[in-house]
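Some notes on the structure that comes next.
The values are calculated or read from the model by the stated rules, or taken from the named source; none is laboratory data. Here the structure is a predicted model, which is why all the values come from computation and not from measurement. Neighbour counts run over all protein chains shown; Cβ positions are idealised from the backbone, glycine included. We work out accessible area using only protein heavy atoms, side chains counted, and drop any ligands, DNA or RNA first. Shrake-Rupley method; radii C 1.70, N 1.55, O 1.52, S 1.80 Å.
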Amino acid sequence: MSSTAGQVIRCRAAVAWEAGKALVIEEVDVAPPQAMEVRLKILYTSVCRSDIYFWEAKGQIPLFPRIFGHEAAGIVESVGDGVTDLKPGDHVIPVHTGECKECIHCKSKEGNMCDLLRVNTGRGVMISDGQSRFSINGKPIYHFLGTSTYSEYTVVHVGCAAKINPSAPLDKVCILGCGISSGLGAVLNVAKPPKGSSVAVFGLGAVGLAAAEGARISGASRIIGVDVNPRKFDQAKNFGVSEFVNPKDHDKPVQEVIAEMTGGGVDRSIECTGDVDAMISAFECVHDGWGVAVLVGVPHKDAVFKTHPMNLLHQRTLKGSIFGNYKPRTDLPAVVEKYMNKELVLEKFITHEVPFAEINKAYEFMLNGDSLRCIIRMDG
């Protein structure tokens, strides 16, 4: 056991005190893990669009003060009672959607919607006792997505920590904790395009480019990128995208443009923006008879998806995906091995790197659309 096991650890954390205000590096107290929890030493983390969205607190109930962050990698510092799968020193990726291994979803071979540990953006405390493990001068600081990786130490449920190969470079595989796995798995696990297929990807941010990478790995013959920002097209070529469509350049719905380009529609489409109109276009652009569309982007809470029922009757399939349908503890180690075996290239997603003290720069990069993923070194 580590020398700090069972003790409160005081460390640095980037605290969001108010919506949209710069994060502040503070000294926080991190309590020991309780039953079925583990305390992690975070070594690297990054900024995902979801961190920005909930930090801005637009369209949801604000919950502050809070420690954001959910894409990271680190080492187990100590474990709580009942934890048998992890021990101090293990290398892990914390994950915002967990795997308890006991519920009906975890025992099923289909899906990854754990009853106990599925995504809950509104919960700011641990599920075991409804308390936070973070505090400043005795006052609680809320958790985010059960991970809160913008802290040198954090506490997570054991079901939200995937043990990985200790040889894997944590400054690279940390980005597998959310967006990259979400896009990649949506293709490999859900859309499953046969070799030689045509694939359209809506939204060429990090998640969309991960979907394009999945299509490339699958052997797709045509990967069509759809985005309203033409600046993204050059970068997307590095991920196998060879054709581009900007909906703003056409006076007809983009699904009609794609249908004309492909002789009736693409074999598979992946929607990664969360815009409901893009979702409809992604569905309606797949070929009748066999086309499959997969929704990955998270829509506005009041959004309504509308399409004519004949689009379904004509044998198009519409699916959804959370975290690429990966069961985090069971499946994420194998994704890490894809990287280790050079089947998956992660370096091209990493566009910036900053020390922890400059975490607000990482937010600026994301807000300005300058970065795919910015690695934050916790020792800096």
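If you go through segment 58-77 and keep only what is assigned to a loop (DSSP other than H, G, I, E, B) and closer than 26 Å to Asn325 by Cβ, you end up with Gly59, Gln60, Phe68, Gly69, His70. Of the candidates Val119, Val125, the single residue that is hydrophobic (A, V, I, L, M, F, W, C), open to solvent by 10 Å² or more (accessible area, probe 1.4 Å), modelled with pLDDT of 95 or more and assigned to a loop (DSSP other than H, G, I, E, B) is Val125. When you scan segment 254-268, do you find a residue that is open to solvent by 60 Å² or more (accessible area, probe 1.4 Å) and either touching a Gly at 6+ places or on another chain (Cβ under 8 Å) or closer than 28 Å to Lys58 by Cβ (or both), even just one? So far as segment 254-268 goes, no, none of its residues is open to solvent by 60 Å² or more (accessible area, probe 1.4 Å) and either touching a Gly at 6+ places or on another chain (Cβ under 8 Å) or closer than 28 Å to Lys58 by Cβ (or both). Restricting the first member to segment 36-59 and to residues that are farther than 23 Å from Glu99 by Cβ, and the second to residues that are outside any loop (DSSP other than H, G, I, E, B) and open to solvent by 10 Å² or more (accessible area, probe 1.4 Å), the beta-carbon pairs closer than 7 Å and six or more apart or on different chains are Val47/Met366; Arg49/Met366; Ile52/Met366; Ile52/Leu367. Scanning segment 128-168 for residues that are part of a loop (DSSP other than H, G, I, E, B), under 19 Å from the mean Cα position of the chain (by Cα) and of a type in the set (Lys, Arg) turns up nothing. For the criterion of being closer than 15 Å to Phe202 by Cα, charged (D, E, K, R) and outside any loop (DSSP other than H, G, I, E, B), Asp331 fails. Would you call Gly297 open to solvent by less than 30 Å² (accessible area, probe 1.4 Å) and not β-branched (Val, Ile, Thr)? So Gly297 fits the description; yes.
From the set of residues in segment 178-217 that are open to solvent by 30 Å² or more (accessible area, probe 1.4 Å) and of a type outside the set (A, V, I, L, M, F, W, C), which is farthest from Ala259 (Cα to Cα)?
Taking segment 178-217 and keeping what is open to solvent by 30 Å² or more (accessible area, probe 1.4 Å), we get 188-189, 192, 194-196, 207, 216-217.
In the following step, the residues that additionally are of a type outside the set (A, V, I, L, M, F, W, C) were identified as 189, 192, 194-196, 216.
Working: Asn189: 25, Lys192: 20, Pro194: 19, Lys195: 20, Gly196: 17, Arg216: 21 Å.
Here the answer is Asn189.
Name the residue that is nearest to Gln235 (Cα to Cα), counting only residues in segment 348-376 that are among the charged types (D, E, K, R) and free of Cβ contacts under 8 Å to residues at least 24 places away in the same chain. Only one residue fits best here, namely Asp370.
Would you check if there is a residue in segment 261-273 being among the hydrophobic types (A, V, I, L, M, F, W, C), out of contact with any His (no Cβ under 8 Å at 6 or more places or on another chain) and without any contact (Cβ under 8 Å) to a residue 60 or more places away in the chain? Write out each step before concluding.
Of segment 261-273, the ones among the hydrophobic types (A, V, I, L, M, F, W, C) are 261, 266, 270, 272.
Next cut, out of contact with any His (no Cβ under 8 Å at 6 or more places or on another chain) only: 261, 270, 272.
Checking which are without any contact (Cβ under 8 Å) to a residue 60 or more places away in the chain leaves us with 261.
Scanning segment 261-273 turns up at least one residue that is among the hydrophobic types (A, V, I, L, M, F, W, C), out of contact with any His (no Cβ under 8 Å at 6 or more places or on another chain) and without any contact (Cβ under 8 Å) to a residue 60 or more places away in the chain.
Just a yes or no: is a residue in segment 169-176 surrounded by fewer than 19 Cβ atoms within 10 Å (Cβ to Cβ) and more than 17 Å from the chain's Cα centre (by Cα)? The answer is yes; a qualifying residue exists. Val155 falls short on exactly one of the conditions (1) open to solvent by 10 Å² or more (accessible area, probe 1.4 Å); (2) of a type outside the set (Gly, Ala, Ser); (3) under 30 Å from Lys338 (Cβ atoms), and that condition is (1). Within segment 78-107, the only residue that satisfies the criterion of being closer than 17 Å to Asp331 by Cα, assigned to a strand (DSSP E or B), in contact with a Lys or Arg (Cβ under 8 Å, 6 or more places away or on another chain) and not hydrophobic (A, V, I, L, M, F, W, C) is His91. Evaluating Val345 against the criteria (1) aliphatic (A, V, I, L, M); (2) over 30 Å from Lys21 (Cβ atoms); (3) assigned to a loop (DSSP other than H, G, I, E, B); (4) free of Cβ contacts under 8 Å to residues at least 40 places away in the same chain leaves one unmet condition, (4). Residues in segment 292-323 that are assigned to a strand (DSSP E or B) and farther than 30 Å from Gln60 by Cβ: 2 in all.
Of the residues making up segment 1-36, those that are open to solvent by less than 60 Å² (accessible area, probe 1.4 Å) and under 11 Å from Glu77 (Cα atoms) are Ser2, Thr4, Ala5, Ile9, Pro32, Pro33.
Counting the residues of segment 221-237 that are closer than 21 Å to Lys195 by Cβ, touching a residue at least 40 places away in the same chain (Cβ under 8 Å) and not charged (D, E, K, R) gives 1. Filtering segment 131-151 to residues that are open to solvent by 40 Å² or more (accessible area, probe 1.4 Å) and touching a strand residue (DSSP E or B) at 6+ places or on another chain (Cβ under 9 Å) leaves Gln131, Asn137, Gly138, Pro140, Tyr142.
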